[in-house]
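A.B. asks: Can you read through this structure? Questions will come right after.
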């Protein structure tokens, strides 16, 4: 009886797991007035991600010292989509009039538009998982 309950609990918990577009934010590299944030993508969704647009905020402690918004997957005919199970990376470059601090610089990333196969809009909150960065 205990084994049946344990197995039922495992199956039930597994059914709540949700496939996602996973994004890993690597540490910021700053040199002068340019900062580079490398983003690693893993598509664990069942659909192809046709395009995704991200906003990246560079933080020095609690202060925003730079920001940018770009298409990081697709967004144009010459940029590839991300098929299910595929991985990719994107180097997000942010420029500033002033040099960036070289210490205590972190990146906060948010996806503000996610387009799936067939033009269907994805839910950037439920379908995306961001780790690393800040």
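A.B. asks: Normalising by the residue count of the chain, find the relative contact order in percent from Cα pairs under 8 Å and 6+ residues apart.
C.D. replies: In percent, rounded to a whole number, it is 33.
A.B. asks: So if the hydrodynamic radius of region 85-128 is defined as the Kirkwood radius over C-alpha pairs, what does Stokes-Einstein give as its diffusion coefficient at 37 °C and 0.692 mPa s, in µm² per second? Could you put the intermediate results ahead of the total?
C.D. replies: On the way: Rh = 13.9 Å.
The calculation lands on 235 µm²/s.
A.B. asks: Relative contact order for region 21-86: what is it in percent, counting Cα pairs under 8 Å that are at least 6 residues apart?
C.D. replies: Relative CO of region 21-86 lands at 30 percent.
A.B. asks: Another question, if that's okay. Among 60, 112, 104, which one shows the biggest mean-square fluctuation in a GNM of the chain, springs joining Cα atoms closer than 10 Å?
C.D. replies: Ranking 60, 112, 104 by mean-square fluctuation puts 104 first.
A.B. asks: So, one more: Please compute, for the alpha-carbon atoms of the chain, the extent along each of the three principal axes and give them in descending order in Å.
C.D. replies: Extents along the principal axes, in whole Å: 66, 38, 19.
A.B. asks: So what's the angle, to the nearest 10 degrees on a 0 to 90 scale, between helix 2-16 and the longest Cα principal axis of the chain?
C.D. replies: 40
A.B. asks: Next question. Please give, to one decimal in nm, the separation of the simple spin-label points placed at residue 86 and residue 125, each 7 Å out from Cα toward the Cβ.
C.D. replies: Each label point is offset 7 Å from its Cα along the Cβ direction, giving 2.9 nm.
A.B. asks: What is region 70-130's relative contact order, in percent, from Cα pairs under 8 angstrom and six or more apart in sequence?
C.D. replies: 17
A.B. asks: Mind ordering 96-102, 124-130, 48-54, 23-29 by average Cβ neighbours within 10 Å, highest first?
C.D. replies: In descending order of packing, they fall as 48-54, 23-29, 124-130, 96-102.
Taken together, the values in this text are just the output of simple stated rules run on the coordinates, not laboratory data. Predicted, not measured: the structure shown is a model, and the values here were computed from it. Note that we place each Cβ from the backbone using ideal geometry, even for glycine, and neighbour counts take in every protein chain shown.
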